Amino acid sequence: MRVFDENDPTHFGIGEAAVFPGLSPEADDRFFYKLMELQANVRLGQATDLEKFPSLQCGFEQAIRDFAAGCSGIYFDSPFVEGNQEIAINGLVWMGNFEEMLTRLEAKLDQGFSCIKIKIGAIDWQKEIDLIEYIRKRYSRDVVEIRVDANGAFTMENALARMQRLADLGVHSIEQPIRQGTPELMRFLCEASPLPIALDEELIGHFTTDSKRELLDAIRPAYIVLKPTLVGGFSGAQKWISLAEERKIGWWVTSSLESNIGLNALAQWVATLDTHIPQGLGTGALYTNNFTSPLELKGQFLSYNPARCLDREALNTLDWRE
């Protein structure tokens, strides 16, 4: 998504509206109709209600911020974009077979990550426990923090027993142990679990402040995990943070497989939040055709190199649909 003055289209603000089928609430034909409405209203200087279109909200916020800052790729000014601040991130071990996950795990530990996040629920439960035990045999919980993300893979029949096993191994927290959409059951787990629970997908689709407040009060999780492209951009995520902090609920931010365009904006925003726990920011390494980025990873720390920037000429050659 780009925003520009029609008198000078060569200078444009850039933003990424990442839509994920099966997850984004607007991942259907409504997205394109709303995008056309947004384009028309921008030309007319009118506001567009993007409340139920979080990816568009996120991309539009990015593009407007970039344009307002002179189309320089600076979305949020801070010591981070001056190269004087770093963001600690977790090392993500993506789902795969046991051998693949073990290889990825060893690579993250060797790179010096002090916080490891493991996607679980895709292979045999005992093998997933074997992976976590492998970490604990090498590192205590004071040296390496382990977070797990079940993506709703547990059932009410096995959730408590499995979370007890994870707690015994010194796991920090678990994201979304059961599928979203059953707040009463999630509330029960949050009350009974020996392991702190973080809500992730459960946040999607709660557009109003009242709805957000009601969800947190109904479930009372230990943490929430924020993905701006799924919860209403930076403004929507900031509202979740405010409501969570009022209730003494912890939080961290996670990327959602954005390209380096969205990841760059996301990292700049996180750098302004005054948080010191590891964040779930990706590195764009999954893509083979990503854009040049000023973001650099050294060990577990993400930094910004002011000498590098997004290639505006390459962006200008994309097939933009006006």
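The values are calculated or read from the model by the stated rules, or taken from the named source; none is laboratory data. It should be emphasised that the depicted structure is a prediction, and the values quoted were computed from it without experimental measurement. Cβ atoms come from the backbone with ideal geometry, glycine included; neighbour counts cover every protein chain shown.
Pick out the one residue from Gln300, Gln238 that is surrounded by fewer than 21 Cβ atoms within 10 Å (Cβ to Cβ) and under 16 Å from the mean Cα position of the chain (by Cα).
Going through Gln300, Gln238 in turn, just one is surrounded by fewer than 21 Cβ atoms within 10 Å (Cβ to Cβ) and under 16 Å from the mean Cα position of the chain (by Cα): Gln238.
Looking only at the stretch 38-57, count every residue that is more than 21 Å from Thr208 (Cα to Cα) and either of a type outside the set (Gly, Ala, Ser) or in the same structural domain as Gly236 (by TED's automatic domain parsing) (or both) and tell me the total.
6
Would you call Gly112 closer than 23 Å to Ile224 by Cα, out of contact with any Pro (no Cβ under 9 Å at 6 or more places or on another chain) and not aliphatic (A, V, I, L, M)?
So Gly112 does not fit the description; no.
What number of residues within the stretch 213-233 are crowded, with 19+ Cβ neighbours inside 10 Å and in contact with a Cys (Cβ under 7 Å, 6 or more places away or on another chain)?
Result for the stretch 213-233: 5.
How about the stretch 155-240: which helices (runs of 4 or more DSSP H) wholly inside it have at least 2 residues that are more than 21 Å from Glu16 (Cα to Cα)?
Counting at least 2 such residues, we get 159-168, 183-192, 209-219.
Out of Ala18, Ala27, I need the residue that is surrounded by 15 or more Cβ atoms within 10 Å (Cβ to Cβ), within 26 Å of the chain's Cα centre (by Cα) and not assigned by TED's automatic domain parsing to the domain that holds Gly232. Which one?
None of the others qualify; the one that does is Ala18.
Answer yes or no as to whether Phe67 is out of contact with any Phe, Trp or Tyr (no Cβ under 9 Å at 6 or more places or on another chain) and over 26 Å from Thr275 (Cα atoms).
It is false that Phe67 is out of contact with any Phe, Trp or Tyr (no Cβ under 9 Å at 6 or more places or on another chain) and over 26 Å from Thr275 (Cα atoms).
Out of the residues in the stretch 161-192 that are of a type in the set (D, E, K, R) and touching a helix residue (DSSP H, G or I) at 6+ places or on another chain (Cβ under 9 Å), which is surrounded by the fewest Cβ atoms within 10 Å (Cβ to Cβ)?
Looking at the filtered set, the residue picked out is Glu184.
Being in contact with a helix residue (DSSP H, G or I) (Cβ under 8 Å, 6 or more places away or on another chain), among the small types (Gly, Ala, Ser) and either part of a helix (DSSP H, G or I) or at pLDDT below 95 (or both) is the filter here; which residues of the stretch 241-272 pass it?
Scanning the stretch 241-272 gives Ala244, Ser255, Ser256, Gly262, Ala265, Ala267.
Would it be correct to say that Ile74 is part of a loop (DSSP other than H, G, I, E, B), modelled with pLDDT of 90 or more and closer than 25 Å to Ile261 by Cα?
yes
Only residues in the stretch 166-191 that are modelled with pLDDT under 95 count as the first member; pair them with residues that are charged (D, E, K, R), Cβ under 7 angstrom, at least 6 apart or cross-chain, and list the lot.
Short answer, once both residue conditions are applied: Gln180/Glu201; Gln180/Glu202.
Would you please name the residue that is nearest to Phe301 (Cα to Cα), looking only at residues in the stretch 72-98 that are of a type in the set (Gly, Ala, Ser) and out of contact with any helix residue (DSSP H, G or I) (no Cβ under 8 Å at 6 or more places or on another chain)?
So, considering only residues that are of a type in the set (Gly, Ala, Ser) and out of contact with any helix residue (DSSP H, G or I) (no Cβ under 8 Å at 6 or more places or on another chain), the one nearest to Phe301 (Cα to Cα) is Ala88.
Pick from Phe154, Phe188: which is assigned by TED's automatic domain parsing to the domain that holds Ile277 and in contact with a Lys or Arg (Cβ under 7 Å, 6 or more places away or on another chain)?
On inspection, the qualifying residue turns out to be Phe154.
So Trp94 clears everything in (1) of a type outside the set (Gly, Ala, Ser); (2) surrounded by 16 or more Cβ atoms within 10 Å (Cβ to Cβ); (3) at pLDDT below 90 except one condition, right? Which one?
(2)
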